[in-house]
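The structure appears right after this line, and notes come after that.
The values are calculated or read from the model by the stated rules, or taken from the named source; none is laboratory data. Predicted model, so just to flag it, every value in this text is computed and none were measured. Here the Cβ positions follow ideal geometry from the backbone for every residue, glycine too, while neighbour counts run over all protein chains shown.
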Amino acid sequence: MTVDAANHTTGTTGTGQRTEQPAPARPDGTDVPPFPVFDAPGVPENVSDVSAVHREVTYTRAIGFRPLKMDIWLPRQAAGPVPLVVWVHGGAFQLGDRRELPPTFAPNSVFRLLNEAGIACATVDYRHCLEAPFPAQLHDLKAAVRYLREYADHLNIHPDQFGAWGESAGGHLVAMLGLTGNREDLDGGLGAQGHPSGVSAVVDFYGVSSLVDIPPMDTPDGLFPPALTAAVPAGMSLQPGPMLVGGSDSPDLLAAASPVSYVAPGAPPFLLVHGDSDGLVPHFQTDLLAAALADAGVEHQVVTIKGGDHCFFGAEDQLDHILDAAVGYFSRKLGTP
């Protein structure tokens, strides 16, 4: 929903036609502009010869929560509409934001490499698990996808050529996004309406596929100092899976928040990349998802990184190849101008 100069709310119908409704009014008849649900992208900042960035774009608001932001990285040299990839950060559903890449990645590398390939990138914030339990995080990503389609013409992006790429918790979430494109019951109702929320290709870096089967996270002493955990409710587990579903270890709730539960024929193609020495999310999590995709006849590819721990620690010398392979996958599956 946006607000025009005449205090009317505007939106789009399922056919893409603009609709107009009168603004609400107080009992005395005075017009009251409705509170905006999201903001227009604004003006981009040129950050290099390759990229222009719309920063701090509010893609949705929800009463009682912080506004959710994205940055939109656009290739400057594009002549026509370009594909777009949504990047989703990791952080065990507990930490991180859209600007952070794993510590093994060069700053902004994902966004820059996509732009160099002629692909736009929207790097997206979502609610952490103590702000709201699952499926809030999936609802947020779907709202982000609809927002980008709402402004596709303005941003010079192709609304039918969207992919999603995430790492760790973000890998889990992009898998969920890719597997639930036709699930209207999981759309959530936030943000821009009248657009599909599915994507056409997924790249999942070492994401969890089954929360039911993930072993407990073994964290070194001192990793989470008291000043970091002070806001965690007393008695709340710090295990990512239970935290994601509201503090429960119910197998039913954990399964309902697991990508393997949603695999079905017709899902988009997946590239699954995982280190064989991952001590945080074991490689068998990718094996579970790959097996489910195979059973459903969904196109997929598994790339195992020899010596790679979580975030590809121990395989830093392979990182350029890993990132180039992911960008190349999107170029093939989404096309480029």
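Points to keep in mind about this one:
- Helices (runs of 4 or more DSSP H) enclosed by region 109-165 - at least 1 residues per element that are touching a residue at least 40 places away in the same chain (Cβ under 8 Å) and either more than 23 Å from ASN46 (Cβ to Cβ) or among the β-branched types (Val, Ile, Thr) (or both): 109-116, 136-150
- Residues (hydroxyl-bearing (Ser, Thr, Tyr) and part of a loop (DSSP other than H, G, I, E, B)) located in region 39-74: SER48
- In region 266-295, the residue that is surrounded by the most Cβ atoms within 10 Å (Cβ to Cβ) out of those that are within 12 Å of PHE312 (Cβ to Cβ) and among the charged types (D, E, K, R) is ASP278.
- Members of region 78-112 found to be among the small types (Gly, Ala, Ser) and crowded, with 19+ Cβ neighbours inside 10 Å, listed by number: GLY90, ALA92, GLY96
- Across region 14-70, the qualifying residues are those that are more than 27 Å from ALA132 (Cβ to Cβ) and charged (D, E, K, R), and the one among them that is modelled with the lowest pLDDT is ARG18.
- Scope region 149-198; condition of a type in the set (A, V, I, L, M) and touching a strand residue (DSSP E or B) at 6+ places or on another chain (Cβ under 6 Å); matching residues: ALA152, ILE157, ALA164, LEU173, VAL174, ALA175, LEU177, LEU190
- Residues located in region 196-227, provided they are β-branched (Val, Ile, Thr) and assigned to a loop (DSSP other than H, G, I, E, B): VAL199, VAL208, VAL212, ILE214, THR219
- Filter pass, ASP185 being out of contact with any helix residue (DSSP H, G or I) (no Cβ under 6 Å at 6 or more places or on another chain) and closer than 15 Å to TYR262 by Cα: yes
- Pick from region 241-260, criterion crowded, with 17+ Cβ neighbours inside 10 Å, touching a helix residue (DSSP H, G or I) at 6+ places or on another chain (Cβ under 7 Å) and part of a helix (DSSP H, G or I), ranking: modelled with the lowest pLDDT: GLY241
- Of the residues making up region 113-145, just one is among the basic types (Lys, Arg) and crowded, with 24+ Cβ neighbours inside 10 Å, namely LYS142.
- Some residue of region 209-230 being within 24 Å of the chain's Cα centre (by Cα), buried (at least 24 other Cβ atoms within 10 Å of the Cβ) and either charged (D, E, K, R) or closer than 30 Å to PHE313 by Cα (or both): yes
- Residue, farthest from the chain's Cα centre (by Cα), within region 33-60, restricted to residues that are under 13 Å from TRP73 (Cβ atoms) and buried (at least 20 other Cβ atoms within 10 Å of the Cβ): SER51
- Here GLY279 fulfils each of the conditions (1) more than 17 Å from ALA164 (Cα to Cα); (2) under 21 Å from the mean Cα position of the chain (by Cα) apart from (2).
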